[in-house]
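Student: Here it is: the structure, laid out below.
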Amino acid sequence: MKNLETNFKLAKKHERKGQKALYEMFSAKMLAVANSYVNNIPDAEDIVMNSFFTCFSKIQECREWKSFPFWLRKIVVNNSINLIRKSKNILYSDIEINDLQYFEDTWDEDMLTIDLDEIFSRMPDGYRLVFNLYVFEERKHHEIAEMLNISEGTSKSQLSKSKKWISDFLKQKKDEKQYAK
């Protein structure tokens, strides 16, 4: 944490050494965050580069070194969403899914090696976007609806569908593993 504090202070003075150190500390994690939204490494790399540019241009807005990782993550998430808005037409459906079975129904000791990258790379864009915002960014449905220009009901529906999709995916993986034995 001392390194973060020192490098944050250097970066606030626009010193390249501090900026480079912060980039090296956070670029891999931010790449994973961006990729979890856009599901495309070249786009995720562009998002990370643009996010660090924004970060270092506006670093005076981040008051405390302790909040820097969260502030940077917010920039990356917002840039990811902006790219998705500009480049993709994501289809959202307002149909509700009832009688969901959640992840616990599919969980067992064999499932301890879940590949999240595989799950998120295969999940439909709309599901992944709402799931990430709700679960990882802890956004409320009204915030997600506003960010994505969809209704609150659509946000809730997409979250339900994403949970169902993950549950089905895990069941399929479990079945494949049992069949292979």
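The values are calculated or read from the model by the stated rules, or taken from the named source; none is laboratory data. Since we're looking at a predicted model, the values are computed, not measured. Because the Cβ atoms are built from the backbone with ideal geometry, glycine has one as well, and the counts that use them run over all protein chains shown. Note: areas computed on protein heavy atoms with side chains; ligands, DNA, RNA excluded. Shrake-Rupley method; radii C 1.70, N 1.55, O 1.52, S 1.80 Å.
Student: Which number in (1) at pLDDT 90 or above; (2) in a helix (DSSP H, G or I); (3) over 16 Å from the mean Cα position of the chain (by Cα) marks the one condition that H14 misses?
Tutor: Condition not satisfied by H14: (2).
Student: Report the residue count in region 59-82 for those that are basic (K, R), more than 23 Å from E146 (Cβ to Cβ) and surrounded by 15 or more Cβ atoms within 10 Å (Cβ to Cβ).
Tutor: 0
Student: How about region 48-58: which of its residues are aliphatic (A, V, I, L, M) and either touching a strand residue (DSSP E or B) at 6+ places or on another chain (Cβ under 8 Å) or open to solvent by 10 Å² or more (accessible area, probe 1.4 Å) (or both)?
Tutor: Once the filter is applied, which keeps residues that are aliphatic (A, V, I, L, M) and either touching a strand residue (DSSP E or B) at 6+ places or on another chain (Cβ under 8 Å) or open to solvent by 10 Å² or more (accessible area, probe 1.4 Å) (or both), region 48-58 yields only M49.
Student: Test of understanding: among A44, A21, A34, A11, which residue is in contact with a Gly (Cβ under 7 Å, 6 or more places away or on another chain) and open to solvent by less than 40 Å² (accessible area, probe 1.4 Å)?
Tutor: One residue alone meets the criteria, A11.
Student: Of the conditions (1) of a type in the set (S, T, Y); (2) under 20 Å from R122 (Cβ atoms); (3) more than 14 Å from the chain's Cα centre (by Cα), Y23 satisfies every one except a single condition; which number is it?
Tutor: Result: Y23 fails condition (2) only.
Table: residues versus (1) under 24 Å from N39 (Cα atoms); (2) open to solvent by 70 Å² or more (accessible area, probe 1.4 Å); (3) at pLDDT 75 or above.
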| site | (1), (2), (3) |
| --- | --- |
| L91 | yes, yes, no |
| E104 | no, yes, no |
| T113 | yes, yes, no |
| Y127 | yes, no, yes |
| V130 | yes, no, yes |
| S157 | yes, no, yes |
| K181 | no, yes, no |
